1. Using alpha carbons only, how many degrees (0 to 90, rounded to 10) separate the axis of helix 90-103 from the longest principal axis of the chain?
2. With 5 Å bins from zero, work out the P(r) of the stretch 107-170 over every alpha carbon pair and list the percent per bin.
3. What is the pair-distance distribution P(r) of the stretch 282-327, computed from all Cα-Cα distances in 10 Å bins starting at 0, with each bin given as a whole percent?
4. Quick one: divide the alpha-carbon radius of gyration of the stretch 249-393 by 2.2 N^0.38 Å and tell me what you get.
5. When N is the residue count of the stretch 415-542, what does its C-alpha Rg come to as a fraction of 2.2 N^0.38 Å?
6. Taking the mean number of other Cβ atoms within 10 Å as a proxy for protection, how do you rank 183-191, 514-522 from highest to lowest?
7. Report, in degrees rounded to the nearest 10, the 0 to 90 angle that the Cα long axis of helix 159-175 makes with the longest principal axis of the chain.
8. With no solvent and one point on each alpha carbon, what is the Debye value of log10 I(q)/I(0) for the stretch 314-376 at q = 0.14, 0.30 Å⁻¹?
């Protein structure tokens, strides 16, 4: 099978018309070669040390909630959406349940999973970047690994982080020269983008770019691959068959389990409300929301500095190297992915730190291409200036002292972690078989304490944040009524209410009050423990 056009029979990592495949680096690259080794070795060592330090981290923020849903699914047999209310896609519940079933929910076990996932991302990224440049294939993945770990436990196993691996696999399949892959390339590319979309639908924003790349590559390379009578149509059909497979599988699983109607209701009625909240949990709509999205998009999540070396790298590759067209096209595609995933947070109007992780991943890989060897005869300034720009950004964004200090402090106890431990200890000691607990919380620790204690929820509303925004909306009103009906029927033995900033919503059509709930607790429950940031109520009928 002919992999590349006859006019370029061999395409190596740093090949040029005047160099053999075994000697890919031109003499003029000596300066960037030295700089590469000066960067690579200490950065790799720091990455290993940071990974070891991260083994001390606790799970925090969203992850305990996702894991608790996994516990409900795999241990208690709950059906997602029907038996517990949540607005994440089913793939996250499958992932959490699988992790819980295999390794449990310990902090150390989950840190090992997180680092294994990071290792897979690094290896896959290096695999596809080797088809562009060997030095970038080492530096880029290491830089991302450090950027990820510097983000701390807050970022651990977030959905965008999980999405990176299937996207990296899609690029690996797209750039692969293996004869075993090429014939099925469109299907595998679509499959990996489909897996990413199964976690968050708009993670597929780069899928059309991948189809474009397949079509252009096949046309320009004159490749005789059986994609069907109409090559372009065949590529599209095979790509979409792979893309739809994971999505169809999740829909079928929901259908057979009985959770599809509840999921559809949440998707159509709650998603539009949730996307009307800012990162500060303030309701926003209309022109104000548009202005908010534009403003937040312009900040690029605080990662704008990486754009400088990334843009320099694109310019160098396209204008200052003698690379063959297929190799340059890979860089153009990588740049297109960087631009596409810069828009990823704006699509949903959600701008949490982890929503920018996909953009950060791609812009770092682009920036690493500043180390490519320019065409022979380039001046010393042209050789070293892009690499120097990359070094400056690395010093400012990766090697800043506060990253190292934070890394050493992440394992220290915080008020929230102490509250989690106290609540979990209390519930573990007091719960009897058949008892249930109702958390009044979102991400402040009550759900995490129930995960540790293995407590069963009293209602299908594991978090109650959704009761306090858009309160005049008929759907939210109905959720409030359903919650109170389930709570009054369940009569849980304990109610755990977080008091530190909960529920924390602001703006029009929000409230801090839930009078029916307050009256129910006052009439039926008594306060048995008041800690820093939490109250535990026990049913009066149980006696003291």
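Each value in this text was obtained by applying a stated rule to the coordinates, not by laboratory testing. Since the model is a prediction, treat every value here as computed from it, not as a measurement. Positions of Cβ are backbone-derived with ideal geometry, glycine not excepted, and every protein chain shown enters the neighbour counts.
1. 80
2. 4, 18, 28, 25, 15, 7, 2, 0
3. Going out from 0 Å in 10 Å bins, the stretch 282-327 shows 21, 28, 21, 19, 10, 1 percent.
4. Normalised Cα radius of gyration, the stretch 249-393: 1.43.
5. It is 1.01.
6. Per-residue Cβ counts within 10 Å, averaged per peptide and sorted highest first, yield 183-191, 514-522.
7. 20
8. With one equal scatterer per Cα and no solvent, log10 I(q)/I(0) is -0.46, -1.24.
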